[in-house]
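> If you scroll down you'll find the structure; I have some questions about it.
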Amino acid sequence: MLRDPRGVVASYRDWRNQGGFDLESDPDHVPVLEDEHRRTRSSYHPVIITLLWKAALRAARSAVENFGPDRVRIVRYEEICNAPDETFNGICEWIGSGERVDVSKLTVQNSSYESYERKGGVKTGAATRWKTKLTPREIALIEYTSGSMLTAAGYEPMRPAVSRLRLVADLASAGPVLVRATLANASRSGNLPRYILRRARLAFG
């Protein structure tokens, strides 16, 4: 899945449980959600999330190169929002399924902004919601960090007017958060030094 990094950052920053879990019959899931909320809060910084976006995009492109477009397909989030029926059923055809998807009956779950809906369908405005959620300062930081990969992925920069001093200060503030995020995700990464090295190679090319 490829998504505008500004949308990725906004969604990560604002994530919270919006329902859809049967917590009465599965009370053990409550602390899991609480831990996940704490982890995402500890890991959040626009620079860090944008670097993860760059790493994921490089990994996806590498997978296409290594295994071919018949085995790996990159789908744009924006295509799902703007043309849900065509995109979903195109995926079905690609995997060789004759089944058609009724997009209007898809479940809305784990959204950062939309409450759980059993048959809520695709929220078409989700693709550009970041424009009203992020500040110009956040947008400038994401665009600077993503660099040429933003336009190479097909996204148009907004280039908001932000002073270089603020941009440098925001970049510097990512350092302590990176340490905190590494510690918060240590239990999920297995061999931590190898995980960090692999992520860094993908993020910085």
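The values are calculated or read from the model by the stated rules, or taken from the named source; none is laboratory data. The shown structure was predicted, so the numbers you read here are calculated from the model rather than taken from an experiment. Here the Cβ positions follow ideal geometry from the backbone for every residue, glycine too, while neighbour counts run over all protein chains shown. Ligands, DNA and RNA are excluded from the accessible area calculation, which covers all protein heavy atoms including side chains. Shrake-Rupley method; radii C 1.70, N 1.55, O 1.52, S 1.80 Å.
> Got a sec? What order do Arg118, Arg164 fall in by accessible area at 1.4 Å, biggest, i.e. largest, first?
Arg164, Arg118
> Where does the stretch 135-190 land on Rg/Rh, using Cα atoms and the Kirkwood Rh?
So for the stretch 135-190, dividing Rg by the Kirkwood Rh gives 1.09.
> Please find the FRET efficiency linking Arg16 to Ser104, where r is the Cβ-Cβ separation and R0 is fixed at 25 Å, and quote it to the nearest 0.05.
Once the sixth-power term is evaluated, E becomes 0.45.
> In square angstrom, what is the accessible area per residue of the chain with a 1.4 angstrom probe?
Dividing the accessible area of the chain by its residue count gives 61 Å².
> Quick check for the chain: number of Lys pairs with alpha-carbon distance under 19 Å, counting only pairs 8 or more apart or on different chains?
Counting lysine pairs in the chain gives 4.
> Just the ratio, please: alpha-carbon radius of gyration of the chain over 2.2 N^0.38 Å, N its number of residues.
Against the compact-globule rule of thumb, the ratio is 1.11.
> Could you order Met1, Met149 so the one with the most accessible surface comes first? Probe is 1.4 Å.
Highest to lowest solvent-accessible surface, that is Met1, Met149.
> In the full protein assembly as shown, how much of Phe204 is accessible to a 1.4 Å probe, in Å² to the nearest 10?
That residue has around 150 Å² of solvent-accessible surface.
> Tell me the mean residue ellipticity at 222 nm calculated for the chain from its helices only (DSSP H runs of n ≥ 4, each -39500 (n - 2.57), averaged over every residue, nearest 500).
-17000 deg cm²/dmol
> Continuing with the same structure: Please find the FRET efficiency linking Glu24 to Glu114, where r is the Cβ-Cβ separation and R0 is fixed at 22 Å, and quote it to the nearest 0.05.
0.50
> Top to bottom by accessible area (1.4 Å), largest first, where do Lys133, Lys105, Lys123, Lys54 land?
Per-residue accessible area, sorted high to low, gives Lys105, Lys133, Lys123, Lys54.
> Can I ask one more? FRET efficiency for Arg180 and Met1, Cβ-Cβ distance as r, R0 = 30 Å, nearest 0.05?
0.70
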